[in-house]
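Shown next, in structure tokens, is the structure this report addresses.
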Protein chains: 2
Amino acid sequence: MPSASPTVLGALDPTSDRAVFRQIADQLREAIDKGRFKEGDKLPSEAELVEHYGVSRMTVRNSLSVLQGEGLVVSEHGKGVFVRPRPPVRRLASDRFARRHRQQGKSAFTVEAEAAGSRPEVDSLEVKEERPTQEISTRLGGPRRVLARRRRYLLDGRPVEFAVSYLPLDLASETPIAEPNPGPGGIYARLEENGHRLDHFDEEVCARMPSPQEAKTLRLAAGVPVIHLIRTAYDTEGRAVEVCDTVMAADAYVLAYQLPAT
Amino acid sequence: MPSASPTVLGALDPTSDRAVFRQIADQLREAIDKGRFKEGDKLPSEAELVEHYGVSRMTVRNSLSVLQGEGLVVSEHGKGVFVRPRPPVRRLASDRFARRHRQQGKSAFTVEAEAAGSRPEVDSLEVKEERPTQEISTRLGGPRRVLARRRRYLLDGRPVEFAVSYLPLDLASETPIAEPNPGPGGIYARLEENGHRLDHFDEEVCARMPSPQEAKTLRLAAGVPVIHLIRTAYDTEGRAVEVCDTVMAADAYVLAYQLPAT
DNA sequence: CACGGAAACTCGTATAGACGAGTAGCCCTC
DNA sequence: GAGGGCTACTCGTCTATACGAGTTTCCGTG
């Protein structure tokens, strides 16, 4: 038997100039906000909403697409429409690249994820020489070719981040940096071993909606933006030694920074 | 006479299993990406696309709503659908709260905007005592009442940011901080004058889609996320003296930070 | 020439119907 | 009891139509 009439929902106001599909979206949104539908709960089916409000199915679908665009719900073909579960958030601390955090065998991502009780994975690892975009080249001081290290990070099977590191060839070629696994401490440890002591990192953060390609790679639900982070690493001589271009599922991250007051 | 047939667009592949509305969205997206439609350009009207592809209007609208959700286009009632103009971006530097940047009369926002050739405004200014949310209270060390300073920032008439500062009453009451205009250098200058020398700021950054209220306040187009930034200011004794909760139009900002390598 | 208004064009909202495809549960068969 | 298939339910895609409302254009009137 189908579930009972959605009693948590009210009636439409025919005198309002607010469009019917917006009124329906408002009521569903309010019910979600007030916890009458909780994370992962199934919303009334389209057919039930059609019945309850006495409107056509396209109107109901329009309402639901509003909520999808807001990132409140996700729909699953053949199953229903569900309140979007909020995954555990990964917090990136401002000291995450401090030397003391460089691990002996595992990557920082792996260690941190396991400490948080998640199952970390890295896939799509690809290391190759290529011609950089104008922007990457400029940030690195103008090289015409660079080493690019691409990889995707997953937590508990869910992709959360896709990153590409670019390094000048003279720092990376014929070193472990050009290998898929650069060894303990990662590429920053290798750079320092080779005489490029790191001084600081610049990060630029912006947020936007994903391209279809990014949405696919990160398996993003509708209404989930990405955080685009571009980090440049500088050595003590002021040379840019690495640029890392990262696209993160925005619902999986909080970035933390510390700013000086001086 | 209506504009000519949209020759920049191709034909549908009836053998593809990709939905028709996705194929149309793909072609429009590609045309935009390749610059055949530039920022602010008007796309072919729905009627023209119906004509060109030989599909129903709802299918065309479905395609356009995909592109809206990606933030690529905006539609204007009675005018058409346009490639979304990318506004000038405001870059927030990591030293933006350094003492040397505190201005003598105007606010940091005003000075910086004028330097960039924009016309800055601040409105919706509201200062009042209130009971903080659990989260704000915790960050401030547990006060039961706080002073809240709300304001909205605009550049060239466009709202870009809405911010609320919360301060413990014992630091703010009966000082210029409780006035709409706290005077030169802003509330940080006043706090330091009153013996609370600032030591550092913690910032937490996340991104998400706006609530309908936020979309309205910031006049956000569909497909534009917000950056949610929570900053806590600490004095040299380690006390949290202010929490600033800021929601920014993501397409108007790039945040820049500097991280130590040590 | 200036103004007003009609016409044509734009997107917004809503209806009714049809078929397809993914999922889950039930029942019947073996 | 296990397996397979049917059925009911879910959302996905698409058509055709109608009217409303905001914008632009242009023309005719004064």
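Scanning region B:187-225 for residues that are among the β-branched types (V, I, T) and either under 24 Å from B:T138 (Cα atoms) or within 7 Å of another protein chain (Cβ to nearest Cβ) (or both), we see that the one that is nearest to the chain's Cα centre (by Cα) is B:V205.
A single entry from B:A19, B:A47 fulfils the requirement of being more than 13 Å from B:V66 (Cα to Cα) and within 13 Å of DNA strand C (Cβ to nearest atom): B:A47. A:A163 satisfies every condition listed in (1) surrounded by fewer than 22 Cβ atoms within 10 Å (Cβ to Cβ); (2) within 14 Å of chain B (Cβ to nearest Cβ); (3) under 19 Å from A:Y257 (Cβ atoms) except (2). Listed by first and then second residue, the pairs with beta-carbon distance under 7 Å, at least 6 apart or on different chains, first residue in region B:66-88 and within 14 Å of another protein chain (Cβ to nearest Cβ), second away from DNA strand D (no atom under 11 Å from the Cβ) and of a type in the set (F, W, Y), are B:V73/B:F82; B:V74/B:F82.
B:S65: part of a strand (DSSP E or B), over 30 Å from A:Y257 (Cα atoms) and within 16 Å of DNA strand C (Cβ to nearest atom), yes or no?
Details: part of a strand (DSSP E or B): no; over 30 Å from A:Y257 (Cα atoms): yes; within 16 Å of DNA strand C (Cβ to nearest atom): yes.
No: the conditions fail for B:S65.
Of the residues making up region A:248-262, those that are of a type in the set (S, T, Y) and under 29 Å from A:R86 (Cα atoms) are A:Y253, A:Y257.
Within region B:127-160, the residues that satisfy the criterion of being of a type in the set (S, T, Y) and crowded, with 18+ Cβ neighbours inside 10 Å are B:S137, B:Y153.
The single condition from (1) surrounded by fewer than 23 Cβ atoms within 10 Å (Cβ to Cβ); (2) in contact (Cβ under 8 Å) with a residue 24 or more places away in the chain; (3) facing chain A (nearest Cβ under 7 Å) that B:T236 fails is (3).
Any residue that is among the hydrophobic types (A, V, I, L, M, F, W, C), assigned to a loop (DSSP other than H, G, I, E, B) and not assigned by TED's automatic domain parsing to the domain that holds B:G35 - is there at least one of those in region B:108-124?
Taking region B:108-124 as the starting set, the residues that turn out to be among the hydrophobic types (A, V, I, L, M, F, W, C) are B:108-109, B:111, B:113, B:115-116, B:122.
The next check asks that each one be assigned to a loop (DSSP other than H, G, I, E, B); those that pass are B:116.
Adding the requirement that they be not assigned by TED's automatic domain parsing to the domain that holds B:G35 leaves B:116.
Within region B:108-124, one or more residues are among the hydrophobic types (A, V, I, L, M, F, W, C), assigned to a loop (DSSP other than H, G, I, E, B) and not assigned by TED's automatic domain parsing to the domain that holds B:G35.
If we keep just the residues of region A:226-262 that are of a type in the set (G, A, S) and under 13 Å from the mean Cα position of the chain (by Cα), which is farthest from A:G142 (Cα to Cα)?
First, pick out the residues of region A:226-262 that are of a type in the set (G, A, S): A:233, A:238, A:240, A:249-250, A:252, A:256, A:261.
Then drop every residue that is not under 13 Å from the mean Cα position of the chain (by Cα), which leaves A:249-250, A:252.
Numbers: A:A249: 30, A:A250: 31, A:A252: 34 Å.
The extreme case among them is A:A252.
On the given criteria, is B:P44 of a type outside the set (D, E, K, R), surrounded by 15 or more Cβ atoms within 10 Å (Cβ to Cβ) and under 26 Å from the mean Cα position of the chain (by Cα)? Talk me through it step by step, then tell me what you get.
Details: of a type outside the set (D, E, K, R): yes; surrounded by 15 or more Cβ atoms within 10 Å (Cβ to Cβ): yes; under 26 Å from the mean Cα position of the chain (by Cα): no.
It is false that B:P44 is of a type outside the set (D, E, K, R), surrounded by 15 or more Cβ atoms within 10 Å (Cβ to Cβ) and under 26 Å from the mean Cα position of the chain (by Cα).
Just one of the numbered conditions (1) under 25 Å from the mean Cα position of the chain (by Cα); (2) in the same structural domain as A:P184 (by TED's automatic domain parsing) is not true of A:G105: (1).
The set of residues in region B:76-86 that are more than 9 Å from DNA strand D (Cβ to nearest atom) and farther than 9 Å from B:A221 by Cβ comprises B:V81, B:F82, B:V83, B:P85, B:R86. Quickly run through region B:91-121 and pick out the residues that are within 14 Å of another protein chain (Cβ to nearest Cβ) and touching a Leu at 6+ places or on another chain (Cβ under 7 Å). If the condition is that a residue be within 14 Å of another protein chain (Cβ to nearest Cβ) and touching a Leu at 6+ places or on another chain (Cβ under 7 Å), then B:L92, B:S94, B:F97 are the ones that fit. Residues that are away from DNA strand C (no atom under 12 Å from the Cβ), modelled with pLDDT of 95 or more and aromatic (F, W, Y) are absent from region A:95-110.
Quick check on my filter: what residues within region B:43-57 are more than 14 Å from chain A (Cβ to nearest Cβ) and near DNA strand D (Cβ under 9 Å from one of its atoms)? Passing the criteria: B:V50, B:Y53, B:G54, B:V55. A:D245 passes every criterion in (1) within 13 Å of chain B (Cβ to nearest Cβ); (2) in contact with a Leu (Cβ under 9 Å, 6 or more places away or on another chain); (3) farther than 30 Å from A:F82 by Cβ; (4) not in a loop (DSSP other than H, G, I, E, B) apart from (1). Of all the criteria given as (1) more than 12 Å from DNA strand D (Cβ to nearest atom); (2) part of a helix (DSSP H, G or I), the one not satisfied by A:V60 is (1). Screening A:Q103, A:Q23, A:Q27 for residues that are away from DNA strand D (no atom under 14 Å from the Cβ), touching a helix residue (DSSP H, G or I) at 6+ places or on another chain (Cβ under 6 Å) and not small (G, A, S) leaves exactly one candidate, A:Q103. The residues of region A:186-225 that are among the charged types (D, E, K, R) and in contact with a strand residue (DSSP E or B) (Cβ under 9 Å, 6 or more places away or on another chain), listed by number, are A:E192, A:R197, A:D199, A:D202, A:E203, A:E204, A:R208, A:E214, A:R219. Identify, by number, the condition in (1) of a type in the set (S, T, N, Q); (2) buried (at least 16 other Cβ atoms within 10 Å of the Cβ); (3) away from chain B (no Cβ under 14 Å); (4) touching a residue at least 24 places away in the same chain (Cβ under 8 Å) that A:S124 doesn't meet. Result: A:S124 fails condition (2) only.
Checking each residue in region A:50-71 for being within 29 Å of A:A249 (Cβ to Cβ) and more than 28 Å from the chain's Cα centre (by Cα) picks out only A:V60.
The values are calculated or read from the model by the stated rules, or taken from the named source; none is laboratory data. Note that this is a predicted model, so its numbers are computed, not measured. Every residue, glycine as well, gets a Cβ built from its backbone with ideal geometry; the counts of neighbours run over all protein chains shown.
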